Amino acid sequence: MKIIKITTDNEVSVHELPEGNYSEQNEVLADLIGPKCRLCEHVMPNRLYKELGGPNKVGNIKGNCVSMLIDEDGLHHDLDVNYVGSFLYETDKHGNPIVGDILIVGEVWTGDGIDFCGMSEQQFNLLYPKLEELTKKVREM
């Protein structure tokens, strides 16, 4: 299943959800966010749902809900602002920027809680073109 990475340079790339146990997956996800990232922060940015149409209700179908992962300590790592992530997070309303690269991932409710997963094909096909368009607009600014 696919996840989407958006860099601080406004580049969009598609990756497969890493295989392995929970710890191994989290390590790969953190590495995708950036070499300094050791702890991923789970963010549910309003504009991902309100403007791009991503679903935010976690269910038992893999990837039907989406969210954003960022570097928990990004502000301490002196990372560049991620303008797409900041837009999705509504930084213009509250002033707290998203820094570093971001991942858009799927979620699923399991018997043990919420796990990250790849996006369903339907969600990927909905969000990927909109995120590409958004990053293009940001590059043109």
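Return the pair list, or none, for Cβ contacts closer than 8 Å from residues in the range 94-118 that are farther than 15 Å from Asp80 by Cα to residues that are surrounded by fewer than 16 Cβ atoms within 10 Å (Cβ to Cβ) and among the polar types (S, T, N, Q), at least 6 apart or on different chains. Taking only residues 6 or more apart or on different chains, the pairs are Val108/Asn60; Trp109/Asn60; Thr110/Asn60. The conditions of being within 25 Å of Pro18 (Cβ to Cβ), of a type outside the set (Ser, Thr, Tyr) and surrounded by 17 or more Cβ atoms within 10 Å (Cβ to Cβ) are met by Asp101.
Please find, within the range 43-58, the residue that is surrounded by the fewest Cβ atoms within 10 Å (Cβ to Cβ) out of those that are under 14 Å from Val105 (Cα atoms) and touching a residue at least 40 places away in the same chain (Cβ under 8 Å).
In the first step, residues of the range 43-58 are kept if they are under 14 Å from Val105 (Cα atoms); the result is 43-45, 48-49, 54-58.
Keeping just the survivors that are touching a residue at least 40 places away in the same chain (Cβ under 8 Å) gives 43, 45, 48, 54-55, 58.
On the way: Val43: 16, Pro45: 24, Leu48: 24, Gly54: 24, Pro55: 20, Val58: 18.
The extreme case among them is Val43.
Pairs linking a residue in the range 1-25 that is at positive phi and at pLDDT 90 or above to a residue that is of a type in the set (Val, Ile, Thr) and not in a strand (DSSP E or B), with Cβ atoms under 9 Å and 6 or more positions apart or on different chains, are Asn10/Val84; Asn10/Thr135; Asn10/Val138. How many of the residues making up the range 104-115 are in contact with a helix residue (DSSP H, G or I) (Cβ under 8 Å, 6 or more places away or on another chain) and crowded, with 22+ Cβ neighbours inside 10 Å? Residues in the range 104-115 being in contact with a helix residue (DSSP H, G or I) (Cβ under 8 Å, 6 or more places away or on another chain) and crowded, with 22+ Cβ neighbours inside 10 Å: 3 in total.
The set of residues in the range 59-81 being aliphatic (A, V, I, L, M) and surrounded by 19 or more Cβ atoms within 10 Å (Cβ to Cβ) consists of Val66, Met68, Leu69, Ile70, Leu79. Counting only helices (runs of 4 or more DSSP H) that fall entirely inside the range 26-141 and contain at least 3 residues that are closer than 21 Å to Glu11 by Cα and modelled with pLDDT under 95, the qualifying elements are 121-140.
The values are calculated or read from the model by the stated rules, or taken from the named source; none is laboratory data. The structure presented is a predicted model; accordingly, all values stated were derived computationally and were not measured. Cβ coordinates were reconstructed from backbone atoms using ideal geometry, including for glycine residues, and neighbour counts include every protein chain displayed.
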